Amino acid sequence: MPYQPKILAFAGSLRKESYNKKLVQIAAAGARAAGAEVTYLDLRDLPLPVFDEDLEKAEGLPANARRLKDLFLAHHGLLISAPEYNSSITAALKNAMDWVSRPCQGEAPLGCFVDKVAAIMSASPGALGGLRGLVHVRAILGNIHVLVLPDQVAVSRAFEAFAPDGSLKDPKQQAAIAKLGANVAAVLAKLRA
């Protein structure tokens, strides 16, 4: 049976009507169309305390952090739509990555990240579409041994970019986001062939 890439797709936002949740769903559809198995995760469904090593020492890894780590371990690729907050990464996204990075017995260091392939994207009401935040996301992921593909898309003026069905009104943007998902699937298939 040929290899089927497993990709975890999520947004770094907790907001119910997040533009970035809509955006990553488009990329996930592109990955599925390319033959990948995609799991969509809403970080809101796995609430986490702010990372605190004293809390971890006293109480151990929170149950939702373990669930999140298990999701990362079960997937080979990542699709991350990262909103920009104050020119950087969101607290929700950074906190999730911090908990997932914690070592567990029998797990290789950074085992949830090493050798993953990722595509990053963003949507923002601003003119740059979240581009400044993607620089930080790319740097963090690269430092924890994730292969971040060079293509990325930042959708500006997000408040008017989406159709009521969640698709992007601009067909070129829609295709570019879907291609991010397809690219992760294609690279994983080549690397794991």
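Answer yes or no: is there a residue in segment 15-36 that is closer than 30 Å to Pro103 by Cβ and surrounded by fewer than 17 Cβ atoms within 10 Å (Cβ to Cβ). No; the residues of segment 15-36 include none that is closer than 30 Å to Pro103 by Cβ and surrounded by fewer than 17 Cβ atoms within 10 Å (Cβ to Cβ).
If the condition is being of a type in the set (Ser, Thr, Tyr) and open to solvent by 10 Å² or more (accessible area, probe 1.4 Å), then segment 75-102 contributes Tyr85, Ser87, Ser88, Ser101.
Taken over segment 42-68, the criterion of being under 15 Å from Gln105 (Cα atoms) and exposed (fewer than 14 other Cβ atoms within 10 Å of the Cβ) is satisfied by Lys57, Gly60.
Just a yes or no: is a residue in segment 167-179 in contact (Cβ under 8 Å) with a residue 24 or more places away in the chain, within 12 Å of Ala123 (Cβ to Cβ) and part of a loop (DSSP other than H, G, I, E, B)? Checked against the condition, which is being in contact (Cβ under 8 Å) with a residue 24 or more places away in the chain, within 12 Å of Ala123 (Cβ to Cβ) and part of a loop (DSSP other than H, G, I, E, B), segment 167-179 yields no hits at all. Only residues that are among the small types (Gly, Ala, Ser), open to solvent by less than 20 Å² (accessible area, probe 1.4 Å) and within 21 Å of Met97 (Cβ to Cβ) were counted across segment 125-177, and they come to 2.
Anything in segment 114-138 that is assigned to a helix (DSSP H, G or I) and either polar (S, T, N, Q) or under 25 Å from Pro47 (Cα atoms) (or both)? List them, or say none.
First, the residues of segment 114-138 that are assigned to a helix (DSSP H, G or I): 131-138.
Residues satisfying the conditions are Gly133, Leu134, His136, Val137, Arg138.
The values are calculated or read from the model by the stated rules, or taken from the named source; none is laboratory data. The structure presented is a predicted model; accordingly, all values stated were derived computationally and were not measured. Please note: Cβ atoms are built from the backbone with ideal geometry, for glycine as well, and neighbour counts cover all protein chains shown. Heads up: the accessible areas ignore ligands, DNA and RNA and are worked out on the full protein's heavy atoms, side chains in. Shrake-Rupley method; radii C 1.70, N 1.55, O 1.52, S 1.80 Å.
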